[in-house]
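**Student:** Right, I'll just put the structure down here and ask away after.
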Amino acid sequence: MPVSQTQHTQHSPGAQAFDVRRLSPHIGGEVTGLDLAQPLAPETFAALRKAWLEHQVLVFRDQKLSDDDQVRFARYFGTPIGSRSMQQANPHVMLISNIRENGQVIGQLPDGELQFHADSVFLEKPLMGAILHSVEVPASGGNTMFASTYAAYDALSREDKRRLSGLTAVNAFDYATQVRTGRFDTSKGPHRTHPVIRTHPETGRKGIFVNRLMTQHIVGLPLAESDALLPRLWELCERPAHIYEHVWRVGDVLMWDNRCTQHARTDFPEGERRLLRRVGIEGDKPY
Ligand code: SIN
């Protein structure tokens with residue numbers, strides 16, 4: 001794996017310098033030199049946003065953020081998105097956890113593995129990105145894998161790129177079961193039609209925007225054709241060469257760009273506690 005390091009030297013008084021180390025050939029950068037509990041100078045934030053757009057996923061180790069710190073950090077990037085979790089005082093924080101209190105799970109997405117997906121693509125405006133902070137992690141497993149959908153798109157043949165351009169697909173909130181048990185009934189839950197190939201609004205790069213967990217079918221194709229095409233696109237996204245797999249330590253902060261990545265979770269032992277705090281950032285309509 002080619003590992004390169006970029007230094008971001010800051011020139012304004014009060015600005016913080018930091019380094020970014022590439023974590024895999026296509027995706028992921030580890031940032032050192034920043035304490036995210038402290039306010040960021042405008043020059044530092046501008047450099048950090050540039051690094052985020054370049055690496056798609058940024059990892060910061062050994063951080064200690066309160067809920068409010070995490071939301072404040074998210075605000076540098078956009079509008080924090082509310083939570084579906086009932087447990088947190090700060091409404092922008094969602095818990096991802098398998099911990100049970102009085103028989104009730106305290107967070108969302110509690111147990112086991114999760115297939116590759118981009119967050120909230122069943123909505124008109126899926127998240128722009130999200131920030132996870134690890135509080136408790138299992139001794140093994142529960143890793144989060146991130147796939148570069150740019151790399152997947154770049155690996156398509158010219159003919160496939162031509163064929164896919166202009167196609168749309170239906171994406172549904174269908175992961176109660178996490179496995180496809182049959183054709184999604186669109187009267188049963190939130191779903192949205194989005195382009196199969198998405199153009200990133202800031203970088204202009206194209207990425208594959210269909211995923212294994214939520215994409216149901218490609219609009220206008222016979223089902224047999226859609227069923228043959230979609231797994232080819234998923235497999236391209238999920239190619240090991242296109243992935244960075246994050247092994248969590250307590251105190252990690254990880255932020256991903258939901259417009260050009262997909263993520264999945266590996267299985268972990270049932271008896272082990274896992275607690276991550278997530279703050280989403282509002283996105284826009286994919287094109
Ligand atoms: C998610 O899909 O947002 C959860 C990721 C994780 O639990 O690692």
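**Student:** Multiplying the sequence separation of THR203 and ARG163 by 0.36 nm and subtracting their Cα-Cα distance, what value in nm do you get?
**Tutor:** 12.1 nm
**Student:** Which of the peptides 205-213, 138-146 is most tightly packed, and how do the rest follow, going by the mean number of other Cβ atoms within 10 Å of each residue?
**Tutor:** Packing order, densest peptide first, comes out as 205-213, 138-146.
**Student:** How many angstrom lie between the C-alpha centres of the stretch 85-140 and the stretch 258-274?
**Tutor:** So the two Cα centres are separated by 10 Å.
**Student:** Less than 15 Å from a label point 7 Å out along the Cα-to-Cβ axis of ARG249: which backbone N atoms in the stretch 49-63 qualify, by residue?
**Tutor:** Residues 59-63 qualify, since their backbone N sits under 15 Å from the label point.
**Student:** Report, as a whole number in µm² per second, the diffusion coefficient that Stokes-Einstein gives for the chain at 20 °C and 1.002 mPa s using the Kirkwood radius over alpha carbon pairs.
**Tutor:** Diffusion coefficient, whole number: 110 µm²/s.
**Student:** Counting only other residues whose beta carbon sits under 12 Å from that of TRP52, what net charge do I get with K and R as +1, D and E as -1?
**Tutor:** 0
**Student:** What is the sum of charges, Lys and Arg at +1 and Asp and Glu at -1, for the other residues whose Cβ falls under 12 Å from the Cβ of ASP68?
**Tutor:** +1
**Student:** Once a ≥ b ≥ c are taken as the square roots of the eigenvalues of the Cα gyration tensor of the stretch 226-287, is the result rounded (a/c under 1.5), prolate (a/b larger than b/c) or oblate (a/b not larger than b/c)?
**Tutor:** Here the stretch 226-287 falls in the oblate category.
**Student:** Next question. Tell me the relative contact order for the chain as a rounded percent, counting alpha carbon contacts under 8 Å between residues six or more apart.
**Tutor:** 30 percent
**Student:** Run the 1.4 Å probe and let me know the accessible area of HIS133, rounded to the nearest 10 Å².
**Tutor:** The accessible area comes out at roughly 10 Å².
**Student:** For the stretch 1-140, I need the span (max minus min coordinate) of the C-alpha atoms along each principal axis, in Å, sorted largest to smallest.
**Tutor:** 52, 36, 35 Å, listed from the longest principal axis down.
**Student:** Please compute the length gained on full extension between ALA89 and ALA155, using 0.36 nm multiplied by the number of residues separating them and subtracting their Cα-Cα distance. Each step should come with its number before you reach the end.
**Tutor:** Values: separation 66, 0.36 × 66 = 23.76 nm, distance 4.43 nm.
Taking ALA89 through ALA155 to full extension adds about 19.3 nm, to one decimal.
**Student:** Under 15 Å from the Cβ of LYS161, count the other residues' Cβ atoms, weight Lys and Arg +1, Asp and Glu -1, and hand me the total.
**Tutor:** +4
**Student:** Quick one: compute the contact order of the stretch 31-76, relative version, from alpha carbon pairs under 8 angstrom and 6+ residues apart, as a percent.
**Tutor:** Once normalised by length, the contact order is 60 percent.
**Student:** Report, in deg cm²/dmol and to the nearest 500, the calculated mean residue ellipticity at 222 nm for the chain, where each DSSP H run with n ≥ 4 adds -39500 (n - 2.57) and the sum is divided by the residue count.
**Tutor:** My calculation for the chain gives -5500 deg cm²/dmol from helical runs alone.
**Student:** Before anything else, pin down the relative contact order of the stretch 46-141: Cα pairs under 8 Å, at least 6 apart, normalised by residue count, whole percent.
**Tutor:** Here the relative contact order equals 16 percent.
The values are calculated or read from the model by the stated rules, or taken from the named source; none is laboratory data. The structure displayed is predicted, hence computed values, not measured ones. Using ideal geometry, Cβ is built from the backbone for each residue, glycine included, and neighbour counts are taken over all protein chains shown. Calculation scope for accessible area: heavy atoms of the full protein, side chains included, ligands and nucleic acids excluded. Shrake-Rupley method; radii C 1.70, N 1.55, O 1.52, S 1.80 Å.
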